[in-house]
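Inspection log for the structure reproduced underneath, given as structure tokens.
The values are calculated or read from the model by the stated rules, or taken from the named source; none is laboratory data. Bear in mind that the values here come from a model prediction, so they are computed numbers and not experimental data. As a convention, Cβ positions derive from the backbone with ideal geometry for all residues, glycine included, and neighbour counts pool all protein chains shown.
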Amino acid sequence: MQDLSWPEIFAKMAVQFWPVWAALIATLVVSFQMRRRLGLYGKLFDSTVGIIGFCIVMFWVFTAIFADMIITFDPIAQISGLKNAVPGTAVPDSDQWYLLGGDHLARDVFSRVVMGARRVLTIAPAATVIAFMVGITLGLPAGYFGGKLDTGLSFVANLVLAFPVILLFYLLVTPEIRATGVPIAMAAVLFLFPVIFVSVLLNSRYFTTPAKRNLYVGAALVIGLWAYSGLAFNADPTGIWAMDPNLLNVFVSVVFVNAPTVFRIVRGIVMDLKSRDYVAAGQTRGESAWYIMLWEILPNARGPLIVDFCLRIGYTTILLGTLGFFGLGVSPESPDWGSTIDDGRKLLSIYPHPAVVPALALMSLVLGLNLLADGLREESMRD
Amino acid sequence: MLAFLLRRVGVMLLTALALSFIVFCLTNLAPNLEKLARTEGSVRMSDEAVASWIENNGHGGSMVMRYGQWLGVVPGWVRTDDKGVTRGRCLAEGADPASAPRFCGILQGDWGTSTVFREPVIDTISDKLASTGWLMLWVMLVMVPVSLIIGVLSGMREGSRTDRVLSTFSIATTATPEYVSGVILVVLFASATTGISPILAEWGWIEGRTLFLGTATSAMDQITFWNFALPVMTIALYGIGYIARMTRASMTEVMTQQYIRTARLKGVSFSQVILKHALRNALIAPFTVIMLQFPWLLNGVVIVETLFNYKGFGWTLVQAAGNNDIQLLLACSVVAVFVVLVTQLISDIGYVFLNPRIRLS
């Protein structure tokens, strides 16, 4: 079989990505048709920057979803003779090619990048969501009540923020620290916040109708504590919720780094919004403090929070890449982009492709998220 | 003003104490000490031997006491072993116990000994910090003017084509972390097989095989444009986008103010309005941003020094963390935290000084 030239490589890759193109076109057509009825999401389609960002992000999201259909080889299989193979090399005894070449262990770069997208796009948004819940649950009362609570929480937040991120990672993501149980303790604290957040959210909304309240809060608590026991302590009897200790360590550190910034943003917005008339009206009606915070103030703070959420997923992706780049908390088999870049950089000046491909992938995803955030900001400011 | 300063410095010292204690705890965890015992003593030590090594070398006792010793507010440990040899934290090899000082922590200037470099930590740190200082200096010299110019140019006429192009450039650079831009820059400019170097070499425009050097190791002895441009650009690029966007936001806000319109209506030329009226007010916000950029620069320094093999502060931090060099890692952390806190302080104070609208007292 012939090796491929560059135009052929791009054509082959475009064909491999067919599920992504199909899903992307379907999403765009449906959203565009219904854009006047979809609120902020629909308005996104009025801004060019927003559309470009949205397309790039959705491209990677669909790549992560359909990764199994897109890959041409097993991302950890090694095929002899293809060590550092150049892009487009034909694989012996098969009708396939190493579309983007082979890495230093003769694995397919293309399949690894596609699989890496799945890994990055599961950890980064999940960590960001947890960080947001921690930040919101602590930021709302700090901004609303102020006083000693605010002083204390702000001091702790500033303490974490004064740590250079890289140093924190070197201290928190090590094999030694796993033996001491510090990551589990941190997980026990951080993962509790989503449960508290959802329970308080439902309780404050339905507390006038106890029957409904008991049902919703009870269900939230059961599911929440079930997931909590599995994720933080690996004690879920059914084994549905479980997390690899390596991954838990990375996950917890990333949440820990992000939460204080979210806290500061939420606190700032709440301090601004609490002097509005609708808050005073709620207080006069005798609504509870948590109802006002979660159902009056929080929905009105959604604009800046959604924008920051997009930016923060990008930032978390960069942080995860940094961890991978320093080989912290990842297994050598892992196809995530950071550690692939780290593997590839040793032979960078001779065989650039194993490092450049994941580097471009990471860059495009973060760029897409930044553009999306920019589009959202522009559109949300117009109201 | 004085009260504000004192309060800020007080909070800073409290933060520094809390942070250094946390770092001390995290570096002196039991598994780290066991690993240290095995590397310093012998790999095949039994668990009892490890425990007694830890005890005999002053790593026993409560964490707070050990932190106090390290800080220099609690007398250093002294221990006489079964052979009658007295050793202690403040005792050099074979020194007289009677004449030794009682306190020896970082407050007394004793930072301990590095187990990786086999020399006093203070020497290693000051040596490497000097190397990183040069890197930071050049990064600042490139980053600050370039980002301010980009920000002012794009904020001057919001929505113009210049603005669109420069804003896109800034967004692109903020989306490119150092380990990505470093890799791309090396492939483009410092690879013998790809990028522009093979073409230039073929035309005979460059003497060596590559245009720039892919490593900055030679910059340790002598900094030249060819060995230092890529590391400096890699760190600066990420910051440029961020500072430029802040400057742009601040500039667009200033340009909509009444006094700018008044000046224009009086017939002052556009360039004069920008230089005399807009710039000074627009540069207050970027100042804070530039100062707060330092913690992130530290991150960039660690990545770039690893990527380009430049033996500075960041490289030392990686070595210390990778080799379980507790004293060196502690010293690195103290320096890093100190840099972050001082820049925060400067940015707070600078903001108050620069902004005429804020009046304390």
Any chance segment B:337-350 includes a residue that's assigned to a helix (DSSP H, G or I), hydroxyl-bearing (Ser, Thr, Tyr) and either under 21 Å from residue A:164 (Cα atoms) or modelled with pLDDT of 85 or more (or both)?
yes
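One line per residue, one yes/no per condition, for (1) in contact with a Gly (Cβ under 7 Å, 6 or more places away or on another chain); (2) under 21 Å from residue B:138 (Cα atoms):
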| position | (1), (2) |
| --- | --- |
| B:201 | no, no |
| B:213 | no, yes |
| B:222 | no, yes |
| B:231 | no, yes |
| B:244 | yes, yes |
| B:261 | no, no |
| B:269 | no, no |
| B:273 | no, no |
Of the residues in segment B:304-334, those that are facing chain A (nearest Cβ under 10 Å) and within 11 Å of the chain's Cα centre (by Cα) come to B:314, B:317, B:332, B:333
Can you tell which of A:211, A:219, A:179, A:187 is within 21 Å of residue B:31 (Cα to Cα), out of contact with any Asp or Glu (no Cβ under 6 Å at 6 or more places or on another chain) and away from chain B (no Cβ under 14 Å)?
A:187
Close pairs from segment A:303-314: first of a type in the set (Phe, Trp, Tyr), partner buried (at least 18 other Cβ atoms within 10 Å of the Cβ), Cβ under 7 Å, at least 6 apart:
A:309/A:128; A:309/A:132
So, restricting to helices (runs of 4 or more DSSP H) that lie completely within segment B:190-279, which ones have at least 2 residues that are out of contact with any helix residue (DSSP H, G or I) (no Cβ under 6 Å at 6 or more places or on another chain) and among the hydroxyl-bearing types (Ser, Thr, Tyr)?
B:258-265
I'm checking my understanding of the structure. Among residues of segment A:195-212 that are more than 28 Å from the chain's Cα centre (by Cα) and of a type in the set (Gly, Ala, Ser), which one is surrounded by the fewest Cβ atoms within 10 Å (Cβ to Cβ)?
A:211
Candidate set: segment B:225-254, residues that are of a type in the set (S, T, N, Q) and over 22 Å from the mean Cα position of the chain (by Cα); chosen: the one surrounded by the fewest Cβ atoms within 10 Å (Cβ to Cβ):
B:252
The lone exception for residue B:141 - which of (1) over 18 Å from the mean Cα position of the chain (by Cα); (2) over 28 Å from residue A:323 (Cα atoms) it fails:
(1)
Restricted to segment A:165-194 and to residues being over 23 Å from residue A:321 (Cα atoms) and β-branched (Val, Ile, Thr), the residue surrounded by the most Cβ atoms within 10 Å (Cβ to Cβ) is A:180
Are any residues in segment B:168-196 at the interface with chain A (Cβ under 9 Å from one of its Cβ atoms) and farther than 30 Å from residue A:165 by Cα, and if so, which ones?
B:191, B:192, B:193, B:194, B:195
Candidate set: segment B:9-61, residues that are surrounded by 15 or more Cβ atoms within 10 Å (Cβ to Cβ) and among the charged types (D, E, K, R); chosen: the one nearest to the other protein chains (Cβ to nearest Cβ)
B:35
Wholly enclosed helices (runs of 4 or more DSSP H) of segment A:236-334 bearing at least 2 residues at pLDDT below 90, farther than 19 Å from residue A:160 by Cβ and away from every other protein chain (no Cβ under 14 Å)
A:245-273, A:302-325
Does residue A:358 satisfy the condition of being within 24 Å of residue B:308 (Cβ to Cβ), surrounded by fewer than 24 Cβ atoms within 10 Å (Cβ to Cβ) and out of contact with any strand residue (DSSP E or B) (no Cβ under 7 Å at 6 or more places or on another chain)?
no
